[in-house]
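Notes for the one structure printed next.
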């Protein structure tokens, strides 16, 4: 017997809003469409799926709401932020809207990194690195990190240790969407100061390490 599946009204409204955002991106001549070819599987681009996940941006409405909450409550400064696995730069676009001063992104997929670089080519405060996050050598320049679950647990463990080795006594803040490896952060002494959840059930956490 056939059944008709229907999305809840909230999710239908959400998808309509996404369409409006996509139209806005087109007007701005930005290739930041949320549900398109940026979701390339790692294999297509010669990447190892055991080391990196496909590029998929976070829900922009939840990310904006979460950032605003963190900024308004003075839990985070807007001096700098780096997006680990930035894709085409949807997160970077939001950081720019929220007036972060120094914004960077790391993207391993060279095709997607080229698109991100082109999207922000006229903004000197934004820099895109096409590089393996485990080989990046400038983490000491950042105190704020953003991730949307860009790689598996074994890579996350290596990455966070590299970040901590470069911290030099600085406070480390991590905005972590789809935070599957949060237990690793807790084991390393991070505390969770804020959280949120998007319409699809994806969790956002804000973690900080002071000592």
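The values are calculated or read from the model by the stated rules, or taken from the named source; none is laboratory data. Please read these numbers as outputs of a predicted model, since none were measured by experiment. Cβ placement follows ideal geometry from the backbone for every residue including glycine, while neighbour counts extend to all protein chains displayed.
Rundown of residues vs (1) in contact with a helix residue (DSSP H, G or I) (Cβ under 7 Å, 6 or more places away or on another chain); (2) surrounded by 16 or more Cβ atoms within 10 Å (Cβ to Cβ); (3) modelled with pLDDT of 95 or more, yes/no style:
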site: 66; (1), (2), (3): no, yes, yes
site: 82; (1), (2), (3): no, yes, yes
site: 85; (1), (2), (3): no, yes, no
site: 89; (1), (2), (3): yes, yes, no
site: 101; (1), (2), (3): no, no, yes
site: 114; (1), (2), (3): no, no, no
- Output for the range 134-153, where each listed residue is over 16 Å from residue 176 (Cβ atoms) and touching a residue at least 60 places away in the same chain (Cβ under 8 Å): 141
- Message: Just to verify a result, which residue in the range 116-137, among those that are within 19 Å of residue 159 (Cα to Cα) and out of contact with any strand residue (DSSP E or B) (no Cβ under 9 Å at 6 or more places or on another chain), is surrounded by the most Cβ atoms within 10 Å (Cβ to Cβ)?
- Response: 134
- For residue 129, are the conditions met, namely being under 30 Å from residue 8 (Cα atoms) and either out of contact with any helix residue (DSSP H, G or I) (no Cβ under 6 Å at 6 or more places or on another chain) or touching a residue at least 40 places away in the same chain (Cβ under 8 Å) (or both)? no
- Which residue pairs have Cβ atoms under 8 Å apart, sit 6 or more places apart or on different chains, and have a first residue in the range 186-211 that is in contact (Cβ under 8 Å) with a residue 60 or more places away in the chain and a second that is assigned to a loop (DSSP other than H, G, I, E, B) and loosely packed, with under 12 Cβ neighbours inside 10 Å? 194/73
